[in-house]
Amino acid sequence: MISMKKLFDNVSQDCSRLVTNTYSTSFSLATKMLDTSIRSHIYNIYGFVRFADEIVDDLASTLSDQEKAAHLKTWGDSVLASISTGISTDHVGAALFDTV
């Protein structure tokens, strides 16, 4: 039987891979040329960067620059906290934690 932590980690990895494959077909294809031992780490980093970009460019398009900056800081701080504590409820943050 798989532990809940392992299940969560697997979903987090799948999420980062899905983000990469969905947002950038060319980057996704290039990533597939890399060795399988580092591929998931590339997906994890890309997922993190893509979500940060989404906060600034698209998801928060109706917000002011100050509001976007505050939202990005809040999300970034939560990801950094997860790296410090080892606990995250954010799948992209959890996947990045795994890479870090």
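The values are calculated or read from the model by the stated rules, or taken from the named source; none is laboratory data. Please read these numbers as outputs of a predicted model, since none were measured by experiment. Positions of Cβ are backbone-derived with ideal geometry, glycine not excepted, and every protein chain shown enters the neighbour counts. To get the accessible areas, we keep the full protein, side chains included, count just its heavy atoms, and leave off ligands, DNA and RNA. Shrake-Rupley method; radii C 1.70, N 1.55, O 1.52, S 1.80 Å.
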Got a number for carbon plus sulfur as a percent of the chain's accessible area, 1.4 Å probe? 64 percent
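What net charge do the residues around R39 carry, taking every other residue with its C-beta under 14 Å from that of R39, with Lys and Arg at +1 and Asp and Glu at -1?
Value of the local net charge: -1.
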Would you list which lysines come within 25 Å of K32, measuring only between C-alpha atoms, while excluding same-chain residues fewer than 8 positions from it? K6
Please give the net charge around L80, taking every other residue with its beta carbon less than 12 angstrom from that of L80, where Lys and Arg add +1 and Asp and Glu add -1. -1
Could you order peptides 13-19, 65-71 by the average number of other Cβ atoms within 10 Å of their residues, highest first? 13-19, 65-71
Which value at 222 nm does the chain reach when only helices count, each DSSP H run of 4 or more adding -39,500 (n - 2.57), with the total divided by all residues and rounded to the nearest 500 deg cm²/dmol? -26000 deg cm²/dmol
Consider the candidate values (i) 28, 21, 12; (ii) 20, 15, 13; (iii) 24, 19, 10; state which one is semi-axes √(5λ) of the Cα gyration tensor in Å computed from the structure displayed. (iii)
Stretch gain in nm, segment T62-I87, where the contour uses 0.36 nm per residue and the Cα spacing is subtracted: 5.9 nm
HN-Hα couplings for segment 37-45 via Karplus (6.51, -1.76, 1.60; θ = phi - 60°), in whole Hz with x for Gly/Pro, come out as 5, 10, 4, 5, 5, 5, 4, 5, 5
Average accessible area per residue (Å²) across the chain - probe 1.4 Å, nucleic acids and ligands excluded: 64 Å²
Once phi is turned into θ = phi - 60°, what whole-Hz ³J(HN,Hα) does the Karplus curve with 6.51, -1.76 and 1.60 give for every residue of segment 68-80, x standing for Gly and Pro? 4, 4, 5, 5, 4, 5, 4, 5, x, 4, 5, 5, 4
